[in-house]
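J.: This is the structure I want to talk about, given as structure tokens.
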Amino acid sequence: MHIVSAEEKAQLEKKREDMYVAKIDAQERIRKAAALGDLSENAEYHFAKEENRTLERELAELEHKLKNVAVVSNDDVPEGMVYLGHTVKLLDLDDDSEQLVRIVGEAVPPDANSDVLPVSASSPMGEALMKQSVGSTIKVKAPRGTLAFKILEIM
């Protein structure tokens with residue numbers, strides 16, 4: 001079972017809707033390409049069929065994921081405590097650089113247009129941050145050694 005925030009579940013549901021629209025589009029292109037006749041040399045038909053298979057596979061995975069998620073609320077979390085869904089400003093105590101991280105339930109690729117790094121709650125960084133308070137210093141075991149961060153604020 002995956003633990004996600006309400007926002008993450010909404011994003012997954014939006015992705016599912018977008019994929020259904022794309023699947024309907026691919027099926028329509030299959031129908032149009034099939035109407036042209038000879039399917040053995042019809043590249044559009046074969047491309048649309050492959051795209052449709054890929055979408056069906058991804059939709060099945062997404063549906064399974066949505067059936068097995070537990071949405072947690074951070075309504076009862078005390079003020080100043082880091083929890084799932086929070087964006088946290090950290091100070092790297094090794095080089096005094098600041099970093100923004102968002103605690104997510106499921107690992108997602110970082111957005112190239114965002115300064116916020118998604119960190120899975122089950123990762124070493126996520127586990128170290130969860131339920132800590134502003135002003136706390138955390139240590140994270142990483143392949144290159146132990147890293148130390150100070151929690152500056154919850155955004």
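J.: Setting aside same-chain residues fewer than 8 positions from LYS65, which lysines have a Cα under 17 Å from its Cα?
T.: Answer for LYS65, where 17 Å is the Cα cut-off: LYS9, LYS14, LYS15, listed by chain and number.
J.: If you place +1 on the Cβ of every Lys and Arg and -1 on the Cβ of every Asp and Glu, how big does the dipole about the Cα centre of segment 87-154 come out, in debye to the nearest 20?
T.: Taking the Cα centre of segment 87-154 as origin, the dipole is about 300 debye.
J.: If you place +1 on the Cβ of every Lys and Arg and -1 on the Cβ of every Asp and Glu, how big does the dipole about the Cα centre of the chain come out, in debye to the nearest 20?
T.: So the dipole magnitude of the chain works out to roughly 420 debye.
J.: Based on other C-beta atoms within 10 Å, arrange MET155, MET130 from fewest to most.
T.: So the residues, fewest neighbours to most, are MET155, MET130.
J.: Figure the gain on full extension for LEU62 and ILE3 (residue separation times 0.36 nm, minus the Cα-Cα span) and round it to one decimal in nm.
T.: Stretched out fully, the LEU62 to ILE3 stretch lengthens by 19.8 nm.
J.: Between segment 36-65 and segment 86-102, what is the separation of their alpha carbon centroids in Å?
T.: Cα centroid of segment 36-65 versus Cα centroid of segment 86-102: 43 Å apart.
J.: Pick out, in residue order, every one of the GluC sites (Glu not before Pro) in segment 1-84 that is DSSP loop and has at most 15 other C-beta atoms within 10 Å; say none if there are none.
T.: In loop regions of segment 1-84 (DSSP not H, G, I, E or B), the sparsely surrounded GluC sites (Glu not before Pro) are GLU41, GLU79.
J.: Return SER122, SER40 ranked ascending by Cβ neighbour count within 10 Å, so the fewest neighbours appear first.
T.: Ordered from fewest to most neighbouring Cβ atoms within 10 Å, SER122, SER40 come out as SER40, SER122.
J.: Subtracting the Cα-Cα distance from 0.36 nm times the residue separation, let me have the gained length for SER123 to TYR20 in nm, one decimal.
T.: Result: 33.9 nm gained on full extension.
J.: Could you tell me the relative contact order of the chain? Use alpha-carbon pairs under 8 Å, at least six residues apart, and round to a whole percent.
T.: Averaging sequence separation for qualifying contacts and normalising by length gives 23 percent for the chain.
J.: Roughly how many debye, to the nearest 20, is the charge dipole of segment 2-72 about its Cα centre, given +1 on each Lys and Arg Cβ, -1 on each Asp and Glu Cβ, and no other charges?
T.: 220
J.: Along Cα→Cβ, 7 Å out, is where each label goes; now give me the distance between the ones at VAL71 and SER40 in nm to one decimal.
T.: Inter-label distance under the simple model: 5.3 nm.
J.: Could you identify which residue out of SER133, SER114, SER123 has the top mean-square fluctuation in a GNM of the chain using Cα springs shorter than 10 Å?
T.: Among SER133, SER114, SER123, the largest GNM mean-square fluctuation belongs to SER114.
J.: Excluding same-chain residues fewer than 8 positions from LYS139, which lysines have a Cα within less than 29 Å of its Cα?
T.: Within the straight-line cut-off, LYS139 pairs with LYS89, LYS131, LYS150.
No value in this document is a laboratory result; all are computed from the given coordinates. The structure presented is a predicted model; accordingly, all values stated were derived computationally and were not measured. Every residue, glycine among them, receives a Cβ derived from its backbone with ideal geometry; neighbour counts consider all protein chains shown.
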